[in-house]
1. With respect to ILE85, determine if the residue is part of a strand (DSSP E or B), buried (at least 17 other Cβ atoms within 10 Å of the Cβ) and either without any contact (Cβ under 8 Å) to a residue 40 or more places away in the chain or outside the structural domain of LYS128 (by TED's automatic domain parsing) (or both).
2. Could you say whether any residue in segment 151-160 is part of a helix (DSSP H, G or I), hydroxyl-bearing (Ser, Thr, Tyr) and more than 24 Å from the chain's Cα centre (by Cα)?
3. So if I check each of LEU51, LEU77, LEU27, which one is surrounded by 16 or more Cβ atoms within 10 Å (Cβ to Cβ), more than 17 Å from LEU108 (Cα to Cα), modelled with pLDDT of 85 or more and not β-branched (Val, Ile, Thr)?
4. One residue is enough: does segment 25-44 have a residue meeting the conditions over 16 Å from the mean Cα position of the chain (by Cα) and among the hydroxyl-bearing types (Ser, Thr, Tyr)?
5. Can you tell me which residue in segment 130-183 is farthest from ARG6 (Cα to Cα), limited to those that are without any contact (Cβ under 8 Å) to a residue 40 or more places away in the chain and of a type in the set (Lys, Arg)?
6. Hey, could you check segment 88-102 for residues that are surrounded by fewer than 16 Cβ atoms within 10 Å (Cβ to Cβ) and assigned to a strand (DSSP E or B) and say which is nearest to the chain's Cα centre (by Cα)?
7. Go through segment 21-54 and report how many residues are part of a helix (DSSP H, G or I), among the small types (Gly, Ala, Ser) and touching a residue at least 60 places away in the same chain (Cβ under 8 Å).
8. Can you go through ILE123, ILE182, ILE105 and tell me which one is touching a Ser or Thr at 6+ places or on another chain (Cβ under 6 Å), crowded, with 18+ Cβ neighbours inside 10 Å and closer than 30 Å to ALA58 by Cα?
Amino acid sequence: MNEDVREVLTDCDQSMVKSLDAFRRELTRIRTGRANLAILDGVRVEYYGSLTPLNQVAALTVADPRLITVKPWDKSLVSLIEKAIMISDIGLTPGSDGELIRLPIPPLTGERRKELVKQVRRIAEEAKIAVRNCRRDANDLLKSVESLPEDDLARGRKSVQDKTDDFVKQIDDIADVKEKEILEV
């Protein structure tokens, strides 16, 4: 295979892997009814004038399947952490004893489960669009390569399409697993 085609395919593959990784990260933020520290990834706490990730100012633990505990390293941060969790819109209400913050994970209602499944499908569709955009970019690059024989162009486009199909299938499989997790009572 032509060196230019190989380079385009490598770039395409790297872009698609990044899209898949971003999709996985996005899914970890969706609550499933079980305690999962990843739902706190987006929480930022005002600490010495800057927004700091929660895991850098406190110890986070999953105490049991329905409870996350947050132990700030500095007790003066308890109220700031509670406030940050409340405004983060993750659907959890913190409870504190002055030293330890407890985040009970409420069971999901049937209606909420359906909303979360729709959210998973929307995120999966966005990830598929990102993968298809990588395909389009790769095909455009292949077309722009001067002096590329027609058969190399055709093979390159077929390889790009095969990669696209593979990544779309991976996205569908991951989304199906997440949906089952959400719908599991």
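1. no
2. Checked against the condition, which is being part of a helix (DSSP H, G or I), hydroxyl-bearing (Ser, Thr, Tyr) and more than 24 Å from the chain's Cα centre (by Cα), segment 151-160 yields at least one hit.
3. Values: LEU51 fails: surrounded by 16 or more Cβ atoms within 10 Å (Cβ to Cβ); LEU27 fails: more than 17 Å from LEU108 (Cα to Cα).
That would be LEU77, the only listed residue that is surrounded by 16 or more Cβ atoms within 10 Å (Cβ to Cβ), more than 17 Å from LEU108 (Cα to Cα), modelled with pLDDT of 85 or more and not β-branched (Val, Ile, Thr).
4. no
5. This residue is LYS180.
6. Ranking the qualifying residues of segment 88-102, first place goes to ARG102.
7. Taking segment 21-54 as the starting set, the residues that turn out to be part of a helix (DSSP H, G or I) are 21-28, 37-40, 54.
Okay, now just the ones that are also among the small types (Gly, Ala, Ser), so 22, 38.
Among the residues that remain, those that are also touching a residue at least 60 places away in the same chain (Cβ under 8 Å) are: 22.
Looking only at that region, the number is 1.
8. Residue meeting the stated conditions: ILE182.
The values are calculated or read from the model by the stated rules, or taken from the named source; none is laboratory data. Nothing here was measured: the structure is a model prediction, and the numbers come from that model. Using ideal geometry, Cβ is built from the backbone for each residue, glycine included, and neighbour counts are taken over all protein chains shown.
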